[in-house]
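Reading through the structure tokens given below for one structure.
The values are calculated or read from the model by the stated rules, or taken from the named source; none is laboratory data. Since the model is a prediction, treat every value here as computed from it, not as a measurement. We place every Cβ from the backbone using ideal geometry, glycine too, and count neighbours over all the protein chains shown. When the accessible area is computed, the model is the full protein with side chains, heavy atoms only, and any ligands, DNA or RNA have been set aside. Shrake-Rupley method; radii C 1.70, N 1.55, O 1.52, S 1.80 Å.
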There are 2 protein chains.
Amino acid sequence: MVEAEIYKALGDPIRLEIVSRLAGGSPSTIGELSGNLGISRQGARKQLQVLVAANVVHLVPRGRQTRVVLDTETLQLARSFIARLEIQWDRRLEALKEFAESDPGE
Amino acid sequence: MVEAEIYKALGDPIRLEIVSRLAGGSPSTIGELSGNLGISRQGARKQLQVLVAANVVHLVPRGRQTRVVLDTETLQLARSFIARLEIQWDRRLEALKEFAESDPGE
DNA sequence: ACTTTATGCAACCTTTTGGTTGCATTTTGT
DNA sequence: ACAAAATGCAACCAAAAGGTTGCATAAAGT
């Protein structure tokens with residue numbers, strides 16, 4: 001269950017806020033992303049590191065500052081895994097429904 | 001950032017395993033789902049409770065035992081949120097690309 | 001009635017998480 | 001050369017998470 005780490009990374013309001021800002025087009029240096037989160041810069045940096053560890057974002061150093069970029073592949077993986085769950089579940093319900101129709105009553 | 005709680009709930013190998021089993025069609029009482037997870041029944045139950053709190057699953061009592069059912073709406077919400085992030089990001093890259101083409105060189 | 005099965009609940013413990021502060025380091029601008 | 005800006009790193013701390021064990025309870029089978 002490799003995917004768990006991805007969801008875990010997304011499973012915090014501050015980290016999700018960071019990812020949202022990134023996707024939304026906010027300037028994407030570490031410093032800028034760390035502002036206005038309600039916690040210290042170093043605190044924000046630790047949260048960012050969690051996203052890095054889960055491959056949700058990557059850091060690319062650029063001279064004095066460091067850019068943060070989203071990893072779309074990881075997001076895609078997370079999304080398609082959920083999609084798969086939904087499909088399986090739907091198929092299952094469908095099967096149960098057919099069974100119920102062939103055998104009415106409780 | 002309401003969605004965070006959902007991802008947090010999915011962000012644990014055992015909980016994700018439970019959800020997968022559920023979607024995959026395993027018999028879905030609490031007892032059955034709690035087996036073979038490598039932890040005690042009560043431990044598994046606590047994990048299940050996290051999924052309930054995040055509305056990923058619902059519990060429906062049925063006499064002596066309790067059925068566990070997936071909440072597809074919640075899964076859908078989680079999936080579409082990620083999809084939205086991807087789309088935003090893609091649009092942003094597209095815009096940057098156009099800008100780069102109109103202003104060549106570093 | 002008694003036993004078994006399926007479950008609930010609470011106390012407890014250890015590890016992880018989320019945050020802090022303080023200081024060091026590396027670029028960049030003057 | 002010096003100051004400021006952007007960042008890194010580590011120690012520390014409180015709270016939350018993930019697990020355990022032990023016991024209580026309600027429904028079902030015999």
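See the values below:
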{"item": "Other-copy label distances relative to B:Gln42, 7 angstrom Cα-Cβ extension, nm", "result": "4.0"}
{"item": "Peptide-level mean, for B:54-62, of C-beta atoms on other protein chains within 10 Å", "result": "0"}
{"item": "Gaussian network model of chain A, Cα within-10 Å springs - most flexible of A:Leu59, A:Leu96, A:Leu70", "result": "A:Leu96"}
{"item": "Segment A:3-102, accessible surface, carbon-and-sulfur percent (1.4 angstrom probe)", "result": "51 percent"}
{"item": "Long-range HN-HN contacts of B:Arg67 with modeled amide H, under 5 Å", "result": "B:Val60, B:Arg62"}
{"item": "7 Å along Cα→Cβ, label-point gaps from B:Ala95 to other copies, nm, shortest first", "result": "4.6"}
{"item": "Karplus (6.51, -1.76, 1.60) ³J(HN,Hα), θ = phi - 60°, over segment B:14-30, in Hz, Gly and Pro reported as x", "result": "5, 5, 5, 5, 4, 4, 5, 4, 4, 5, x, x, 4, x, 10, 8, 4"}
{"item": "Label-point separation, A:Thr29 to A:Lys46 (7 Å along Cα→Cβ), nm", "result": "2.4 nm"}
{"item": "Within a Gaussian network of chain A (alpha carbon springs, distance under 10 Å), most fluctuating of A:Ala83, A:Ala53, A:Ala95", "result": "A:Ala95"}
{"item": "Inter-copy separations for A:Val69, label at 7 Å along Cα-Cβ, nm, ascending", "result": "4.6"}
{"item": "On Cα atoms only, tilt of A:41-53 relative to the major axis of chain A in degrees", "result": "50 degrees"}
{"item": "Overall form of chain B per C-alpha gyration tensor (a/c, 1.5; a/b vs b/c)", "result": "prolate"}
{"item": "Counted charge near B:Pro27, where neighbours are those whose Cβ lies closer than 14 Å (Asp, Glu -1; Lys, Arg +1)", "result": "+3"}
